[in-house]
Amino acid sequence: MAEISEAIAMIKKAESDAEQLILDSESKSVDMINESKINAENIINEAKKAAEEEEAKNTVFDAEDKAKKEAQSIAKDGEVNVASLKEKAMANVDDAASIIVKNVL
């Protein structure tokens, strides 16, 4: 009879140990899942930040490129306008010189 009660006690201890292992495993699983969620969120946030920084760099690069092209276009237009004004001014100088020569002579 003592052997049966010892066997029952051992079975109850084994069941208790198994239940504790299950509880410990569940707790560790929850901790691991939470840690994984946090790590995943951090990775996602870092990826978003990197993407935003890259997008910002591209936006700045595009704006700089557009500004350079616009500045070159304005410079070309300015050169054309200066040449045109110079040509008109020279024509006026020739006319003024002719008038002065006619009046003086």
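For region 1-32, how many residues are of a type in the set (A, V, I, L, M), part of a helix (DSSP H, G or I) and surrounded by fewer than 10 Cβ atoms within 10 Å (Cβ to Cβ)? Steps first, answer last, please.
Start the filter on region 1-32 by keeping residues that are of a type in the set (A, V, I, L, M), which leaves 1-2, 4, 7-11, 14, 18, 21-23, 30, 32.
Now drop any that are not part of a helix (DSSP H, G or I), which leaves 2, 4, 7-11, 14, 18, 21-23, 30, 32.
Subsequent filtering for residues that are surrounded by fewer than 10 Cβ atoms within 10 Å (Cβ to Cβ) retains 2, 4.
The qualifying residues number 2.
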Do we have any residue at all in region 47-60 that's exposed (fewer than 10 other Cβ atoms within 10 Å of the Cβ) and either touching a helix residue (DSSP H, G or I) at 6+ places or on another chain (Cβ under 9 Å) or small (G, A, S) (or both)? no
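Please tell me if E70 is modelled with pLDDT of 90 or more, surrounded by 10 or more Cβ atoms within 10 Å (Cβ to Cβ), on the phi < 0 side of the Ramachandran plot and among the charged types (D, E, K, R).
Values: modelled with pLDDT of 90 or more: yes; surrounded by 10 or more Cβ atoms within 10 Å (Cβ to Cβ): yes; on the phi < 0 side of the Ramachandran plot: yes; among the charged types (D, E, K, R): yes.
The answer is yes for E70.
The values are calculated or read from the model by the stated rules, or taken from the named source; none is laboratory data. Keep in mind that this is a model prediction, so the values were computed, not measured. Cβ sites come from the backbone with ideal geometry, for glycine too, and all protein chains shown count toward neighbours.
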